[in-house]
1. Among V210, V149, what is the fewest-to-most ranking by other Cβ atoms within 10 Å?
2. Provide the FRET efficiency to the nearest 0.05 for the R97-A217 pair, computing r from the beta carbons and using R0 = 35 Å.
3. Just add up the charged neighbours of T183: K/R +1, D/E -1, any other residue whose Cβ is under 10 Å from the Cβ of T183.
4. Just tell me which aspartates and glutamates come within less than 13 Å, Cα to Cα, of K100; anything on the same chain fewer than 8 places away is out.
5. K199: which aspartates and glutamates have alpha carbons under 15 Å from its alpha carbon, excluding same-chain residues fewer than 8 sequence positions away?
6. Taking the Cβ-Cβ separation of T152 and Q117 as r and a Förster radius of 35 Å, what is the calculated FRET efficiency to the nearest 0.05?
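Just so you know, all these numbers are worked out from the coordinates, no wet-lab data involved. Note that the structure is a prediction, hence the values are computed from the model and not measured. All Cβ positions, glycine included, derive from the backbone under ideal geometry; neighbour counts span all protein chains shown.
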Amino acid sequence: MPKLRTSFAGTIVIAFIVAAALLAQFHRSAPETPAPAPFDYYVLSLSWAPGFCAQPGAAAGNPRECAPGGRVGFIVRGLWPEAVAGKGPESCGTARRVPKPVVDFVLRDMLTDGLVQHEWATHGVCTGLSPLDYFSSIVQARAAVQIPVQITSLQDQIRESPGQIEMQFAGANPSFPKAAFRTFCPRGAFQEERICFDKNLKPRACTGSVGECAIPAVIINPPV
């Protein structure tokens, strides 16, 4: 048994070293990135899979996220350049396909290659970062956010106000400004929590441009 444990640990270490080497090689050989579009800060979009998958057609088109029994909760929808006032930049230029080592690096948080490619083309190219640096920022921002136990332990459908949801996030993340969280609720269902970071990935207050759920109470469905 000790030999098996050692062999398994060694395999994990080797796999990590190989992945790191591949990412470093890509970083060195990556083409020059374009200048960033004007923006003021970032918004990390955490999509609540039970809310997203309840939309018409969403489950069929996203089996990894929506298949029954997967018990998927939050996934990263993207890291969006945001303006203090007005709409943030999108689709700022021609986007080359994100290389597989970078996709593999971020799949734990974003689940599918299609989402990775979409977010890079729509938002990542506007940041002035390389694909590796952009998706590393996504991993870093997601790791900084703790999910409230009220949501991670959810077993049945409940109703809460947007303010309650945001206070739960603020309570789970006491180093964040309370105004760093915004709830998104199309058709009255909780679908997304948006968390604001400055360009150095330090938590900051959101501005009105991020949007806010305006109804008194939203439905929160549990993972399936």
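1. The most exposed by this proxy come first: V149, V210.
2. Calculated value: 0.25.
3. Within the 10 Å Cβ shell, the charges total -3.
4. Cross-link targets: D113.
5. D40, E82, D133
6. After rounding to 0.05, the efficiency reads 0.75.
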